[in-house]
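The values are calculated or read from the model by the stated rules, or taken from the named source; none is laboratory data. Because the structure is predicted, anything quoted here is derived from the model rather than measured. Neighbour counts run over all protein chains shown; Cβ positions are idealised from the backbone, glycine included.
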Amino acid sequence: MADETNYITAEGAKRLQIELNDLLMVERRKVVQEVSDAAAQGDRSENAEYIYGKKRLREIDRRIRFLTKRLEAATVVAPRGAEEKQVFFGARVQLEDEDGCTVTYRIVGVDEIDLRQGDISWKSPLGAALLRRREGDTFVLRRPSGEIEMTIIAVSYGS
């Protein structure tokens, strides 16, 4: 994973940076103070607050290291022009399946996946199948439950 390029949108990089700053400047400082207060109470071997605080501190430090490495390896991809009708990284793609159901997805980096928002990775089977296709293209997507034919209805960039 360290040798892979970590493509990310500007919004995704900003979100990760905000999380990192919050962990460093707020959460970690708060937990360090809680652990210090718990340690001052005496016997640490049976002090649940101290034990939990140390565990939480390790979790925070692990997440800080992960976010730092991901941001250092990140390549922010500039958004395409609004007139672009081909699917590239950052595109919002409206699809219609063979049953006439429509759904919209946005192609993002692996650190930005949010299925509730319709954000899928460019490495996912659907994301990879969409890349470089154009509005009006029809393609077959192979899924575990079988193949499905999909048509690209619209491609847009931006929010």
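Quick notes
- Any hit, the stretch 78-95, residues being surrounded by 16 or more Cβ atoms within 10 Å (Cβ to Cβ) and β-branched (V, I, T): yes
- All of (1) within 14 Å of the chain's Cα centre (by Cα); (2) part of a strand (DSSP E or B); (3) touching a residue at least 60 places away in the same chain (Cβ under 8 Å) hold for I120 with one exception: (3).
- Qualifying residue in the stretch 9-20 (condition: in a strand (DSSP E or B), without any contact (Cβ under 8 Å) to a residue 40 or more places away in the chain and within 13 Å of the chain's Cα centre (by Cα)): no
- Residues of the stretch 17-43 classified as at pLDDT below 95, among the charged types (D, E, K, R) and either closer than 30 Å to E112 by Cβ or out of contact with any Lys or Arg (no Cβ under 9 Å at 6 or more places or on another chain) (or both), total: 2
- Selection status of R142, closer than 26 Å to E4 by Cα and more than 23 Å from the chain's Cα centre (by Cα): yes
- Only a single item in (1) modelled with pLDDT under 95; (2) part of a strand (DSSP E or B) is not met by I107, and it is number (1).
- For the stretch 64-80, the condition of being charged (D, E, K, R), in contact (Cβ under 8 Å) with a residue 40 or more places away in the chain and not in a helix (DSSP H, G or I) holds for at least one residue.
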